[in-house]
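The values are calculated or read from the model by the stated rules, or taken from the named source; none is laboratory data. Values in this document were obtained by computation on a predicted structure and should not be read as measured data. Here the Cβ positions follow ideal geometry from the backbone for every residue, glycine too, while neighbour counts run over all protein chains shown.
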């Protein structure tokens, strides 16, 4: 069998692979570039699949189109990019000594082979399945491919799905819960084995805000529920430890695993997290073999340890770096913060870095502060509230992570925080940030300024806060106005002393520990400053105020 030849051979026609091919073409105009993929539909914006299913995106092919409405198929890459993309071809083995890839043409079962000068592995990741469960029938699906999206949407359009269950409450699970409930009116059950939703993104106190939004929209959320089995009959039965659920459709979204089988067989190093090991130039341990995208391990900017970060934003950057190095340019892909955002009904959640829980499990000693903020000046119409939690390392004041949940713009603060985090920033560095400001867009001081000030007050002045889900200590004193307290009563408050009366009525405060409460946090924090040096007992403020504790946005 005669081998074809490519200056650059790419295995995988998705974000990382095609970005690398396109970049290499710009840098090496005369090189022959070949891309192989087993799928017929390539260059799919897979993050948009839930919105195809919901109907927010009417035409599924929109996920494969350029901004100028040209379909990104084999013809497009040949004509516009001068790249040879061959679909329906599955790579079967890699001979790194001979620099040869053997592959199978799926349409007719014939064998083909390619010699290469440089090879990029960009096979992506495969959805994880449940033990003993066959996923792929009409009524038990992943949401990974265009075929998945079309099949599920067709069932919905034909009225064949009145009830649906989603296994896994990560990004896909939460997005699919919204798609089924809000757009199609299905009865929806969201099943998660962990003790919270979005366990890889948020700490439990922020996750509970998103869960409240789901439940207020009649999504049933089952936590600590490991699926024991799924059986198909007229409908689909899901067996859980506490009950069995009958539904019309099941979506499994419990995460993904890097596709590394070919790499392992070829002697390419795979790390402890299950991804291909690469350096900052995207090189593997084998000369002339690179890897990028969801199949590789990244390095955490917080811990310096290997991690998986299956994000399209990172895959595109990795593909560019790989091409740069192949062409002799200086370029690097450094540690990552794993910034992410998700829309769930009318609530948006964004995060970067590590959660408090992740940091503790990694052996770090960390602290947190919480706050309730608006996405613009408080007096400007239509201000939207959001809750935030910032995590930092106790000994060094080094930033660790930020989580934000709200109805307004949650990405601005997270993206800026991420930039500081990626440069090894400390809490005090946030105070030096300069933001564009006008009342319709922001407050004069950004929430990051406030979070930094709260953290420094904790570290330097001993101002102590209790988190939104921590029980009060001693007597809880409500410092809000009479009207505020009537509008949103606190079941925890044992005493009401409006802030404007506090110093005149200070003698009325009981002995012992005090927990001070206001609506968002600043008033109670100020009160702690005025009282902490006068009393032997503990005086703390309830971080984020009654707003955060009630989970009401």
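Output the number of residues of segment 434-463 satisfying the condition of being surrounded by fewer than 17 Cβ atoms within 10 Å (Cβ to Cβ) and in contact (Cβ under 8 Å) with a residue 40 or more places away in the chain.
Number of matching residues: 7.
Out of 370, 386, I need the residue that is within 24 Å of residue 177 (Cβ to Cβ) and assigned by TED's automatic domain parsing to the domain that holds residue 445. Which one?
Just one listed residue meets the conditions, 386.
For segment 471-487, which residues satisfy the criterion of being surrounded by 15 or more Cβ atoms within 10 Å (Cβ to Cβ) and assigned to a loop (DSSP other than H, G, I, E, B)?
Residues satisfying the conditions are 472, 473, 474, 479, 480, 481.
Results for (1) outside any helix (DSSP H, G or I); (2) free of Cβ contacts under 8 Å to residues at least 60 places away in the same chain, shown as yes or no for each residue.
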| residue | (1), (2) |
| --- | --- |
| 360 | no, yes |
| 368 | yes, no |
| 371 | yes, no |
| 379 | yes, no |
| 383 | yes, yes |
| 388 | yes, no |
| 392 | yes, no |
| 401 | yes, no |
| 408 | yes, no |
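Could you count how many residues in segment 153-179 are within 22 Å of residue 61 (Cα to Cα) and either in a strand (DSSP E or B) or without any contact (Cβ under 8 Å) to a residue 24 or more places away in the chain (or both)?
3
Quick one: which of 206, 202, 190 is in a loop (DSSP other than H, G, I, E, B), buried (at least 23 other Cβ atoms within 10 Å of the Cβ), outside the structural domain of residue 351 (by TED's automatic domain parsing) and touching a strand residue (DSSP E or B) at 6+ places or on another chain (Cβ under 7 Å)?
None of the others qualify; the one that does is 202.
Hey, among the residues in segment 299-314 that are touching a residue at least 40 places away in the same chain (Cβ under 8 Å) and either touching a strand residue (DSSP E or B) at 6+ places or on another chain (Cβ under 9 Å) or assigned to a loop (DSSP other than H, G, I, E, B) (or both), which one's surrounded by the most Cβ atoms within 10 Å (Cβ to Cβ)?
Residue satisfying both the conditions and the ranking: 302.
Quick check on residue 137: is it more than 30 Å from residue 373 (Cβ to Cβ) and modelled with pLDDT under 95?
yes
Quick check on segment 338-345. Is at least one of its residues touching a helix residue (DSSP H, G or I) at 6+ places or on another chain (Cβ under 6 Å) and on the phi > 0 side of the Ramachandran plot?
So far as segment 338-345 goes, yes, one or more of its residues are touching a helix residue (DSSP H, G or I) at 6+ places or on another chain (Cβ under 6 Å) and on the phi > 0 side of the Ramachandran plot.
Tell me which of these residue 242 doesn't satisfy, since it passes every other one: (1) loosely packed, with under 15 Cβ neighbours inside 10 Å; (2) in a loop (DSSP other than H, G, I, E, B); (3) in contact with a strand residue (DSSP E or B) (Cβ under 7 Å, 6 or more places away or on another chain); (4) outside the structural domain of residue 24 (by TED's automatic domain parsing).
Going through (1) loosely packed, with under 15 Cβ neighbours inside 10 Å; (2) in a loop (DSSP other than H, G, I, E, B); (3) in contact with a strand residue (DSSP E or B) (Cβ under 7 Å, 6 or more places away or on another chain); (4) outside the structural domain of residue 24 (by TED's automatic domain parsing) one by one, residue 242 breaks only (3).
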